[in-house]
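Below: the structure, in structure tokens.
The values are calculated or read from the model by the stated rules, or taken from the named source; none is laboratory data. From a predicted model like this one, the values you see are computed outputs, not experimental measurements. With ideal geometry, Cβ positions are generated from the backbone for all residues, glycine too; neighbour counts draw on all protein chains shown. Surface areas here come from the heavy atoms of the whole protein model, side chains and all, with no ligands, DNA or RNA. Shrake-Rupley method; radii C 1.70, N 1.55, O 1.52, S 1.80 Å.
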Amino acid sequence: MPHVKNSSVKRPKLDWRFLQRFCSILKILFPSWSNQSVRMFMTLLGVALSVQLVIYQVGLIPSQFYEVLSEKNYGKFKNLVLFAVMLILINSTLKSLDQYISSLLYVSWRKSLTEELHSTYFKGRVYYTLNVLCKDIDNPDQRISQDVERLCKQISTMASRLLISPFTVTYYTYQCFNSFVLLFCIFGYFVAGTIINKILIGPIVSMLVEQEKLEGDFRFKHMQIRVNAESAAFYRAGKVEHMRTDRRLQMLLSTQRSLMNKELWLYIGVNTFDYLGSILSYIVIAIPIFAGDYDGLTPGELSALVSKNAFVCIYLINCFTQLIDLSTTVSDVAGYTHRIEELREVMADIAKKQCDQDQYDPLSKDEPYSDRELQSVPGDTAFVLDCLSYKSPVSVELLVKDLTLKISQGTHMLVVGNTGTGKTSLLRVLNGLWEPCSGSVEMTTCFGPRGVLFLPQRAYLTDGTLREQVREEKTICSIDDERILKYLELVGLSNLLTRIGGLDTKVDWNWDDVLSPGEMQRLCFARLFYLQPKFAVLDEATSALTEEAEGQLYKACKHLGMTLISLGHRSTLEKHHDIMLRLCGGGQWELTKLKEA
Ligand SMILES: Nc1ncnc2c1ncn2[C@@H]1O[C@H](COP(=O)(O)OP(=O)(O)OP(=O)(O)O)[C@@H](O)[C@H]1O
């Protein structure tokens, strides 16, 4: 979803903040020493070290070939060939194992990180606040799905190289230790490479974050079209949507192009260091030769020695070059780390705020149907409103001012008012989705079957079978089936059951796409009848039905002992209620009796 950019937000960079954020992601990837990821990581370390040992042996083979060939020793030559083939086989097996473990780590990390994000995202009403009210963060869905996937992929690809580098650098440094000049050259080369690449990565990180935001916006546009395909088709909106979607694509592509321009300099840096590295290795080998250190050796011995030294120097330079090569991966990792940690930080803030709120008002907790709630159902009141004032999040004008009211069992209440006067907003405040500006609202019963249940304006259907639309748990029992079938019949949806072929038939469609608005509303009533709360809050829940059907459903609700709090524009609703709350706009309201008690 496109969001307003907060100018006070720090631009993401490769800095101390990144390190802190990366460390907190590492804590999720490796939660404890006994964790599976740690075991896999250690195995990867073992495999990567073994690969290095084998590579060292393979690296020494050319110098041995020089020796046996200059001696013309056929027996030794044959053994050396066999040894070389065996090493190559071991090497290829170990390298494949290395790739395989890296892939397994990627899956395991993705699971841990996504589940961690889900645990806060779905906690209480965090997902609502984040998607509807919070303007600090763009595209949370994309951060959870795509950014996490890419971050884990990038970390897993660089894991083994990064993991092994301290060992290889130490070992090959030790091997090169006989020449101080040589070591100085090699380390100087690495330090210079790191500094230059750090400077080149700087602007890339923030641009990558921006690119991912635009990527999310582009995907959101397509999702919007997918969800509203029918409405758009009725308006013949293809042309205008085409233009708008292309506009988002252009914005994304132009940012991608700028990112690539910046990456070009990084690639130039990385490639220059790659090739400089290979020349540096010859320079480094040439120093002792020109200094006359090897003057006393025969040509055969000299070639063997040069070959051995060359391999050690080249390999040390190669270790450093590989680390510098990781610059492009590091810039990606930094970008994704910032995006994911930003999301975690904002979600943690929202969750903490909601948790404090819920402590103050425990019954507003978003844990439907728990035992605690089923036992702790108090008297016959659902809500107590005391001098309640509220407004919409983006406005300063109060929708309702000083509303004092008690919603009790047996007194059915109708809320009416012009469009935008704050009827649904009242329900948002009652449900704890919005905070009141002043006064208080107390939910004195629980949320769920024995307490209050809300039927929102847009019917809420989830994925899954017909049974799962009516009840949350999947468990099947015959008494349950009878009840579900009875209520489906009561709401007039027996034909839907026949059409689908059973309560548990797996459907591969989206319920919102195939059911008519009336059918969706009826299905929500079937759920309501099944759960049988004491209080049902209905927000234009029968707007897509005939007055006759509306009457039948209201009668059924009352028959099942529910107290109704309804919102609606239809005058036919009045006869089903005892009192009427009219919201008049500008904070004004009036409460009237519809029936004498
Ligand atoms: N998420 C939101 N962010 C900002 N403003 C909002 C949000 N949701 C609703 N509003 C605004 O709050 C005001 C009251 O909205 P509400 O949905 O309560 O109206 P309503 O009385 O239920 O209208 P209707 O009869 O059309 O359903 C409207 O002006 C609306 O634009």
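Under a plain spin-label model, where a point goes 7 Å from the Cα along Cα-to-Cβ, how far apart in nm are Arg247 and Ser70?
Once both label points are built, they end up 7.5 nm from each other.
Could you pull out the pairs from Lys95/Lys262; Lys353/Lys534; Lys78/Lys308; Lys135/Lys239; Lys27/Lys153 whose alpha carbons sit more than 24 Å apart here?
Lys95/Lys262; Lys353/Lys534; Lys135/Lys239
Count the lysine pairs in the stretch 394-532 that are 8 or more places apart or on different chains: how many have C-alpha atoms under 30 angstrom apart?
5
Can you pull the one-decimal nm distance between simple spin-label points at Arg458 and Thr419, each 7 Å off the Cα toward Cβ?
Placing both labels 7 Å along Cα→Cβ, they lie 1.7 nm apart.
R0 = 22 Å: FRET efficiency of Val394 with Leu19, Cβ-based, nearest 0.05?
0.05
Compute the accessible area per residue over the chain, keeping the other protein chains in place, probe 1.4 Å, unit Å².
Result: 53 Å² of accessible area for each residue.
How large, in percent, is the carbon and sulfur part of the accessible surface of the chain at a probe radius of 1.4 Å?
Roughly 60 percent of what the probe reaches on the chain is carbon or sulfur.
Return the calculated 222 nm mean residue ellipticity for the chain, to the nearest 500 deg cm²/dmol, obtained by summing -39500 (n - 2.57) across DSSP H runs with n ≥ 4 and dividing by the residue count.
Dividing the helical sum by the residues of the chain leaves -21000 deg cm²/dmol.
Report, ordered by chain and residue number, the aspartates and glutamates lying within cross-link reach of Lys111, taken as a straight Cα distance under 17 Å and ignoring same-chain residues fewer than 8 apart.
Asp141, Asp147, Glu149, Glu341
For the chain, what is Rg from Cα atoms divided by 2.2 N^0.38 Å, rounded to two decimals?
1.37
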